[in-house]
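Report on the structure given below.
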Amino acid sequence: MSDYDFQAMQRRWRPVWESLGLFDAGASAGQRRSLVDMFAYPSGDLHMGHAEAYALGDAVARFWIQQGYDVLHPVGWDSFGLPAENAAIRRGTHPADWTYANIETQAESFRRYATSVDWRTRLHTSDPSYYRWTQWLFLRFLERGLAERRRAAVNWCPVDRTVLANEQVIAGRCERCGAAVTKRELTQWFLKITAYADQLLDDMAELAGHWPAPVLTMQRNWIGRSPGAYLDFGPFEVFTTRPDTVFGATFLVVAPDSPLAASLCTSGQRPAFDAYVSRVRGMSEIERTTADRAKTGVFLGAYGKHPFTGERLPIWAADYVLPGYGTGAIMAVPAHDQRDLEFAETFDLPVRPIAGFLDGLDTELDGLDQEAAIARVVAEAEARDVGRGGVTYRLRDWLVSRQRFWGCPIPVVHCANCAIVPVPDDQLPVLLPDLRGDQLAPGDVSPLAAARDWVEVDCPRCGGPAERDTDTMDTFVDSSWYFLRYCSPAYGEGPFEPEAVRRWMPVDQYVGGAEHAVLHLLYVRFFTKVLRDLGLVGFSEPFRRVMTQGQVILNGAAMSKSQGNMVDLGEQIDTYGVDAVRLTMVFAGPPEDDIDWADVSPAGSVRFLSRVLRLAADVGTTPPTGPGDLNLRRNTHRLLRAITDLMEQRRLNVAVARAMELANAARRAVDDGLAADPATREAVEALSVVLSLFTPYTAEEMWARLGHEPGVARAGWPAIDPELAAERTVVCALQVNGKLRARLEVPAGITADDLLALALAAPAATGRTVTRTIVRPPHLVNLVVSG
Ligand code: ANZ
Ligand code: ZN
């Protein structure tokens, strides 16, 4: 690494860049673009996952800057949350101490990592100047009836001692600590995301092709729209997706842990029912809905009435029916539904075949296909006033109360006279009291409840004695609107300055981890729609384009502290330098794929970077002379065109591969004695600009060696000469077992891989078993086939 002194480069260029204000939004007269990286949670220093995401996002932002766009690329911290609180309990300190110390550490690493962010945008969600507006927005939700306090069975993490949103329960376990989640009856705040279920689904149409398809699929499944019908069986309605099977219904089942079951149960069945319910309460939803579990349940002693036949149907309670879905009650159709069949077999209940079932409607419509039969039954139910077509969703309202300290206080007070009273806007923010250490230890209620002189206030409405709400908001509320705050981080008149949001939003490119597909990415979409309905923003979707990166893993396994297989970002940077780490991250593969750090080579990146530095030194500062080698010029412009397209498509790893080709071509020219040829200089200057997207220090160093003033980041994307860039094509012979079978027109500069792919896709090759290939780009491919 002798001539690749990354330490010296990192020391030299950082202060120079900072003094130039290279990345200030508004610094260019071009069209505006915004790129937002999912902001960091300040636990410890930046890690490999951050490094990957920031390398990818930064390459896109820097590409835009080179193209002359006026780019907003902000930076901030998602700085409320449990890890800070747990650290404060362990250390006897205040969560802010740990939080803001970590933020400083991360900010320093950020600067060293040389991302093109505008530091003037910097925000922290735990600053009162930020959470004041989180509270303000909560009150707007409350005014619109979109925030509601109600009693419900909620997910409870026994380790973190706080409730969790459904989205934070992964396979029955706490998303954060992995503990098995149980249920509790609590009065809690909910944001009514279900009111936006249809819009969240419908608006996905405009995201298709711009958001990763798996994210959209996960959101669609999470919202889980089921069209069907509500049918009236007397004491209650059921939800069914198969109203056409209603004549096969032989019994009814309700969720045991629902108020409905308790109210229906007769006194004779009460002891058995109570015993059953207490068994069910400790179970997770996952357990309850597992297929081929032995069926359990109790008869409630009550009966319902079939909406069409009037038949008396027994009502059971069974754990496979969940309280939170549909109406929490079903009609059981054992002839059509596997779970109902198993239940009928276990408890010896009738199974009624439903061939000819529509005879029950006394019509000529027997033999309809399923869709028509459903429509027929729904129409008939509506006509007889025993049901109606309807939709249900898997999506539940978003539970936002948390019984923890280090979060945004919920800005309401509870008054014996006036019930729930919002804290007036001009009294915001409701500041957190100064609690630390042991005072934060989780108990059955929020730690804030113990801060009596904070809790006890005068009612803003009647002046009588009242109490503050002692829960704090889910931190996902903080992160549902931060991208808007970036546009005017110091604004004091509202959550964001309308004009600034009009200028920069929605976000053109959002970058972050796919693990947020149904958490953050769904909540942000919901918030944006509510803000639109409040008249605060003029768009419905927050992010035009989303790029989700894979994980950095090691030897095929996820890195984790408990596994002891963490790769330390700081150590990698100390060994290989920032640029080599960044280049390795981007070059490893398509952005969405996982990177196995055992399979990549930061040392290889170092070798490449030292080669390009030498190349720049070889070209040096001498003014070029000579005619300008045409072949090299063609190659340079063709590669620049390819790199431009690849950057647009976010195929960043392939763009890097093309940059490496450009470096090789320039090196060959230098070795052939063309160091002073204008074509060589053009190639190496273009290479510096391209590399400034990925390896800013090395690119700046090259730029200096070529005799330029600092600031390669704003040198401008090289102009591509269309004539030089035009692909020349040549005719390639496709042979099969040595015999000419086809002539393919291919680009003169085609790679062996691309040429082989073309050949294999040709009609002459399809259906053959290729055992060996001979590829000589661009003129010949021979496929050896068997049989
Ligand atoms: C009768 C029937 C017959 C059903 C049949 C299905 C098939 P999705 O697609 O997930 O929406 N169901 C309704 N509420 C339920 C609850 N709270 N807990 C458990 N199961 C519930 O599923 C809807 C179907 O799941 C509904 O349609 C109902 O069973 C059941 F051949 O009604 B079906
Ligand atoms: Zn009052």
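Values in this text are rule-based calculations from the coordinates and carry no lab data. The structure displayed is predicted, hence computed values, not measured ones. No Cβ is skipped: glycine too gets one built from the backbone with ideal geometry, and neighbour counts run over all protein chains shown.
If you add up the charges near Glu104, with Lys and Arg at +1 and Asp and Glu at -1, over every other residue whose beta carbon is less than 12 angstrom from its beta carbon, what do you get?
-1
Pairwise over distinct Cα atoms, reciprocal of the mean inverse distance: report the Kirkwood radius of the stretch 130-182 in Å, one decimal place.
12.8 Å
Just the number, please: Stokes-Einstein D of the stretch 135-277 in µm²/s, Kirkwood Rh from C-alpha pairs, 25 °C, 0.890 mPa s.
129 µm²/s
How charged is the neighbourhood of Arg132? Take every other residue with its Cβ under 14 Å from the Cβ of Arg132, and add Lys/Arg as +1 and Asp/Glu as -1.
So the surrounding residues net to -3.
Jot down the radius of gyration and Dmax of the stretch 569-724, Cα atoms only, both in angstrom.
Answer for the stretch 569-724, Rg first and Dmax second: 15.4, 47 Å.
Name all residues of the stretch 327-342 having a backbone nitrogen under 18 Å from the label point set 7 Å from the Cα of Val391 along its Cα→Cβ direction, giving them as ranges.
Backbone N within reach: 327.
For Lys305, which lysines qualify as cross-link partners when the Cα separation must be under 27 Å and same-chain residues fewer than eight apart are set aside?
Straight-line reach from Lys305, under 27 Å: Lys295.
If I take every Cα pair under 8 Å that is 6 or more residues apart in the stretch 225-392, average their sequence separation and divide by the length, what percent do I get for the relative contact order?
Worked out over the stretch 225-392, it gives 35 percent.
Kirkwood Rh, the stretch 386-431, all Cα pairs: how many Å?
14.5 Å
Near the amide H of Gly26, under 5 Å away, which other amide H atoms are found, from residues 5 or more places off or on another chain, if H is placed in the peptide plane?
Excluding prolines and chain starts, which carry no amide H, the hits are Val71.
Residues with amide H under 5 Å of Leu780's amide H, sequence separation 5 or more or different chain, H placed in the peptide plane at 1.01 Å from N; which?
Long-range HN contacts for Leu780: Ala733.
Give me P(r) over the stretch 522-657, computed from all C-alpha to C-alpha distances, binned every 5 Å, as integer percentages.
P(r) over the stretch 522-657, rounded to whole percents: 2, 8, 11, 13, 14, 12, 12, 10, 8, 5, 3, 2, 0, 0.
If you average the sequence gap of Cα pairs under 8 Å that are 6 or more apart and divide by the length of the stretch 681-787, what percent do you get for the contact order?
21 percent
Rounded to the nearest 5, what is the percent of antiparallel bridges among the DSSP beta bridges in the chain?
Close to 75 percent.
Can you divide the C-alpha Rg of the stretch 197-250 by 2.2 N^0.38 Å and report the result to two decimal places?
Ratio of Rg to 2.2 N^0.38 Å for the stretch 197-250: 1.63.
How big is the C-alpha Rg of the stretch 459-557 next to the rule-of-thumb value 2.2 N^0.38 Å, as a ratio?
Compactness ratio reported: 1.41.
Dividing the Cα radius of gyration by the Kirkwood radius, what Rg/Rh value follows for the stretch 391-478?
1.03
If you build the Cα gyration tensor of the stretch 686-787 and take the root of 5 times each eigenvalue, what three semi-axes come out, in whole angstrom, biggest first?
Taking √(5λ) for each Cα gyration eigenvalue gives 43, 15, 10 Å.
Hey, how many Å between the Cα centroid of the stretch 686-752 and the Cα centroid of the stretch 463-479?
Computed from Cα coordinates, the inter-centre distance equals 57 Å.
Need the list of aspartates and glutamates near Lys192 for cross-linking: C-alpha distance under 16 angstrom, and skip anything on the same chain fewer than eight residues off.
The qualifying aspartates and glutamates are Glu143, Glu148, Glu167, Asp397, Asp474, Asp533.
Given the C-alpha centroids of the stretch 103-171 and the stretch 244-295, what is the distance between them in whole angstrom?
When both Cα centres are located, 37 Å separates them.
State, as an integer percentage, the relative contact order of the chain based on alpha-carbon contacts under 8 Å between residues 6 or more apart.
Rounded, it is 15 percent for the chain.
What's the whole-number percent of alpha carbon pairs in the stretch 308-438 lying beyond 27 angstrom?
Summing the P(r) tail past 27 Å for the stretch 308-438 gives 51 percent.
Could you give log10 I(q)/I(0) at q = 0.13, 0.18, 0.21 Å⁻¹ for the stretch 66-136, computed by the Debye formula over C-alpha point scatterers of equal weight, without solvent?
So the normalised log intensities are -0.49, -0.81, -0.97.
Please work out, to two decimal places, the log10 of the ratio I(q)/I(0) at q = 0.08, 0.13, 0.15, 0.18 Å⁻¹ from a Debye calculation in which every Cα of the stretch 225-392 carries one identical scatterer.
Relative scattering, expressed as log10 I(q)/I(0), comes to -0.23, -0.60, -0.80, -1.13.
What net charge do the residues around Gly387 carry, taking every other residue with its C-beta under 12 Å from that of Gly387, with Lys and Arg at +1 and Asp and Glu at -1?
Once all neighbours under 12 Å are counted, the net charge is -3.
Can you tell me the Rg and the Dmax, both Å, for the Cα atoms in the stretch 3-84?
When restricted to Cα atoms, the stretch 3-84 yields Rg and Dmax of 15.3, 46 Å.
Mind ordering 550-560, 612-622, 249-259 by average Cβ neighbours within 10 Å, highest first?
Going by the mean number of other Cβ atoms within 10 Å, highest first, we get 249-259, 612-622, 550-560.
If one computes the Cα centroid of the stretch 508-545 and of the stretch 299-340, what distance in Å separates the two points?
If you average the Cα positions of each part, the centres end up 39 Å apart.
Using the eigenvalues of the Cα gyration tensor, what equivalent ellipsoid semi-axes result for the chain when each is taken as the square root of five times the eigenvalue, whole Å, largest first?
They are 57, 38, 23 Å, listed largest first.
Can you sort Tyr196, Tyr303 by how many other beta carbons sit within 10 Å, fewest first?
Ascending number of Cβ neighbours within 10 Å: Tyr303, Tyr196.
Determine Rg/Rh for the stretch 1-154; Rg is computed over alpha-carbon atoms and Rh is the Kirkwood hydrodynamic estimate from the same atoms.
Rounded to two decimals, Rg over Rh is 1.06.
Rg and Dmax of the stretch 728-786, Cα atoms, in Å?
10.3, 34
Give, in whole angstrom and from largest to smallest, the semi-axes √(5λ) of the equivalent ellipsoid of the stretch 353-506, with λ running over the eigenvalues of the Cα gyration tensor.
Semi-axes, largest first: 52, 24, 17 Å.
At R0 = 51 Å, how high is the FRET efficiency between Asp97 and Thr751 if r is their beta carbon distance? Nearest 0.05 is fine.
Calculated value: 0.40.
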